[in-house]
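The values are calculated or read from the model by the stated rules, or taken from the named source; none is laboratory data. Keep in mind that this is a model prediction, so the values were computed, not measured. For neighbour counting, all protein chains shown are included, and Cβ atoms are generated from backbone atoms with ideal geometry for every residue, glycine included. For the accessible areas, the whole protein counts, side chains as well, though only heavy atoms, and no ligand, DNA or RNA atoms are used. Shrake-Rupley method; radii C 1.70, N 1.55, O 1.52, S 1.80 Å.
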Amino acid sequence: MRPITEYQDYRLYMRDFYEERKKSGFTWRDFSKSAGFASPSYLKLVCEGKSSLSRVGLPRVANAMDLSGYEFTYFEKMVEFGNATNDEKKKAAFTELTRIAKEQKARVIDADTFAYYESGINSIVRELAPLMPGALPKDMAKKIKHIFTAQQVRDSLELLTKAKFLEETGENTYRQADKAITGSTEAIPLALRSMNREMTDLAKEAIDKVEAKDKNISGVTMGVDAPTLARISEEIDKCRKRVIALANGCKNINQVYRLNLQLFPLTDKV
């Protein structure tokens, strides 16, 4: 099995543990019994996402998997992360997962991507820094229309270069690395929600701060059914990809823009 610090989904870790031992005749009944559960299929249901591991069951399962020390604590935080009912609790648990892994000098899956998406400043600085060779963080902060401090820009530059999303080619001079910014775990949607909230707030500021000629803000309220909603969502995806292609073809970049595409329900179904 991979080290526990390479997991963030406790169900996946439990399933991999089972699959590893199944080679020696280990069964779900054996797993449940070793953890002290009467139901022979309970842990199978947990791994399939049909049930959740409780606080009472957590130490039993951890002990059945021979977890101790930091591995026990890491598993505990994985369960908290997976069972969290809101973003605040999820973020707190993920922060602990990252801390424990770093203490063990272990690989932290998606930690850099999570940090990148957690705040809108990082995507702004990633686009702005290459346009301002030699500029200090305070100079970049002044160019951003919204209130970000020089320290926030400095911290963002440090993150972006550490994660190799930017490469420093000279003193205070950067270029974008070719590294794609991707992630596949539960943590990334959590960070994306945080960034989208922040970008939505910046869009509200732009309504008052930015002249009409420099922005395009519009909307439409409409009634739809499920098939029409699916078609509209598909058209928005196509539009976003066409906009990205146009931006990628730009040869003389001199400004950073943000495009928010927002389609959401205003009522429950009638």
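Cross-link partners of Lys162 among lysines, defined as those whose alpha carbon lies under 23 angstrom from its own and excluding same-chain residues fewer than eight positions apart: Lys91, Lys102, Lys105, Lys138, Lys179. Computed over Cα pairs, the Kirkwood radius of the range 21-147 leads via Stokes-Einstein (0.890 mPa s, 25 °C) to a diffusion coefficient of 136 µm² per second.
Summing Cβ point charges (Lys, Arg +1; Asp, Glu -1) relative to the Cα centre of the range 98-234 gives a dipole of roughly 200 debye. With viscosity set to 1.306 mPa s at 10 °C, what whole-number translational diffusion coefficient in µm²/s follows for the range 119-246 from Stokes-Einstein and a Kirkwood radius over Cα pairs? It diffuses with D of about 92 µm²/s by this estimate. Working note: 222 nm ellipticity from helices only, DSSP H runs with n ≥ 4, each -39,500 (n - 2.57), summed and divided by the residues of the chain, gives -17000 deg cm²/dmol to the nearest 500.
The angle between the Cα long axis of helix 87-103 and the main principal axis of the chain comes to about 80°, on a 0 to 90 degree scale.
On a 0 to 90 degree scale, rounded to 10, what angle separates helix 70-83 from the longest Cα axis of the chain? Here the helix axis deviates by roughly 70 degrees. Taking the 0 to 90 degree range and rounding to the nearest ten, how far is the long axis of helix 226-248 tilted relative to the main principal axis of the chain, both from C-alpha atoms? With both axes taken from Cα atoms, the answer is about 60 degrees. Between Val220 and Lys142, the simple label model (points 7 Å from Cα in the Cβ direction) yields a spacing of 4.3 nm.
For the range 189-270, how big is Rg over Rh, using alpha carbon atoms and the Kirkwood form of Rh? Let's see the in-between values first.
On the way: Rg = 15.4 Å, Rh = 15.4 Å.
Rg/Rh: 1.00.
Where the accessible area of the chain is counted over protein heavy atoms with a 1.4 Å probe, how much of it, in %, is carbon and sulfur? List each step's numbers first, then the result.
On the way: 8740 of 17040 Å².
C and S atoms contribute 51 percent here.
Each of Glu103, Glu88, Glu48, Glu71 has its accessible area taken with a 1.4 Å probe; listed largest first, they run Glu88, Glu103, Glu48, Glu71.
Once C-alpha pairs closer than 8 Å and six or more residues apart are averaged by separation and normalised to the residue number of the range 32-176, the relative contact order reads 14 percent.
Any chance you could run the full-extension gain for Asn172 through Thr200? It's 0.36 nm times the residue separation minus the Cα-Cα distance, nm to one decimal.
Working: separation 28, 0.36 × 28 = 10.08 nm, distance 2.98 nm.
Fully extending the segment from Asn172 to Thr200 adds 7.1 nm.
From the Cα trace of the chain, what convex hull volume per residue do you get, rounded to a whole Å³?
Numbers: hull volume 52.3 nm³, N = 270.
Each residue corresponds to 194 Å³ of Cα convex hull volume.
Scaled against the 2.2 N^0.38 Å expected of a compact globular protein of N residues, the Cα radius of gyration of the range 1-88 reads 1.02.
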